[in-house]
1. Counting only residues that are under 21 Å from residue 16 (Cα atoms) and in contact with a Gly (Cβ under 7 Å, 6 or more places away or on another chain), which one in segment 93-131 is most open to solvent (accessible area, probe 1.4 Å)?
2. What number of residues within segment 106-120 are within 18 Å of residue 79 (Cα to Cα) and either touching a strand residue (DSSP E or B) at 6+ places or on another chain (Cβ under 9 Å) or modelled with pLDDT under 85 (or both)?
3. List pairs: first in segment 28-46 and farther than 19 Å from residue 129 by Cβ, second open to solvent by less than 70 Å² (accessible area, probe 1.4 Å) and not in a loop (DSSP other than H, G, I, E, B), Cβ under 8 Å, 6+ apart or cross-chain?
4. Return the only residue of 37, 9, 63, 28 being at pLDDT below 85 and either out of contact with any Leu (no Cβ under 9 Å at 6 or more places or on another chain) or not aromatic (Phe, Trp, Tyr) (or both).
5. Please give the number of the condition residue 75 fails out of (1) touching a Phe, Trp or Tyr at 6+ places or on another chain (Cβ under 7 Å); (2) surrounded by 14 or more Cβ atoms within 10 Å (Cβ to Cβ); (3) modelled with pLDDT under 80.
6. I'd like to check something: does segment 19-31 contain any residue that is out of contact with any Cys (no Cβ under 9 Å at 6 or more places or on another chain), acidic (Asp, Glu) and over 26 Å from residue 78 (Cβ atoms)?
Amino acid sequence: EQFVKYYKEVAHLSSQMIKLFALALKQEESFFDDKMEDPFTVLRMLNYPEYETQGNAAATEGENCGGSKAGMKVNTRNGEHTDYGTLTVLWSPDSRGLQAKSRDGQWIDVIAPKDQFIINIGDLMMHWTNEKWV
C-alpha cells in the first residue's frame with residue numbers, strides 16, 4: 001500500500017516536472033502532453049550500503065565505483081549507464097556513491113541536500129532537446 005502511494009506521488013511529481021521542463025524550454029506548459037498521455041514508468045527500490053574493496057577496506061566517498069584505489073579494485077554495483085526515458089526521480093537519505101559524467105567525460109560526485117529528490121535527465125529528453133540538456 002505504501003509503495004503504491006509513493007509510486008503515485010512520484011508519478012505526479014514527474015508530470016509536474018515535465019510541465020516545468022516545457023516552460024524552461026520556452027514552450028507552452030502543455031508542450032509534452034501528447035507525448036506523455038500513457039507514460040511508461042518504473043519504480044525500483046534499490047539500496048547501496050557501504051561497499052567493500054578487495055582487501056576488506058571500506059571504499060571511501062567520492063571513489064569511482066568502477067575504478068581502483070591503492071591497487072584495490074572496487075566492486076561495481078550499477079555500472080556506467082544512461083537513463084533511457086525522459087527523467088528519473090531519485091530519492092535517497094544521502095547521495096552516497098552517485099556520480100554523473102560531464103560533457104567532457106569527467107566523473108562528478110552528485111552531492112544532494114539530505115532527504116531531497118535528484119532529477120536525472122534521460123536519453124529521451126536529451127534527444128527531444130537536441131542535446132541542450134544532458
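The values are calculated or read from the model by the stated rules, or taken from the named source; none is laboratory data. Note that the structure is predicted; figures quoted are calculated from it, not measured. Neighbour counts are summed over all protein chains in view; Cβ atoms, including those assigned to glycine, are modelled from backbone coordinates with ideal geometry. Side chains are part of the model used for accessible areas, which takes the heavy atoms of the whole protein and leaves out ligands, DNA and RNA. Shrake-Rupley method; radii C 1.70, N 1.55, O 1.52, S 1.80 Å.
1. That would be 124.
2. Number satisfying all stated conditions: 5.
3. If the second residue must be open to solvent by less than 70 Å² (accessible area, probe 1.4 Å) and not in a loop (DSSP other than H, G, I, E, B), the pairs left are 41/11; 41/14; 43/10.
4. Step by step, each of 37, 9, 63, 28 is checked, and only 63 is at pLDDT below 85 and either out of contact with any Leu (no Cβ under 9 Å at 6 or more places or on another chain) or not aromatic (Phe, Trp, Tyr) (or both).
5. Failed condition: (2).
6. Yes: segment 19-31 contains one or more residues that are out of contact with any Cys (no Cβ under 9 Å at 6 or more places or on another chain), acidic (Asp, Glu) and over 26 Å from residue 78 (Cβ atoms).
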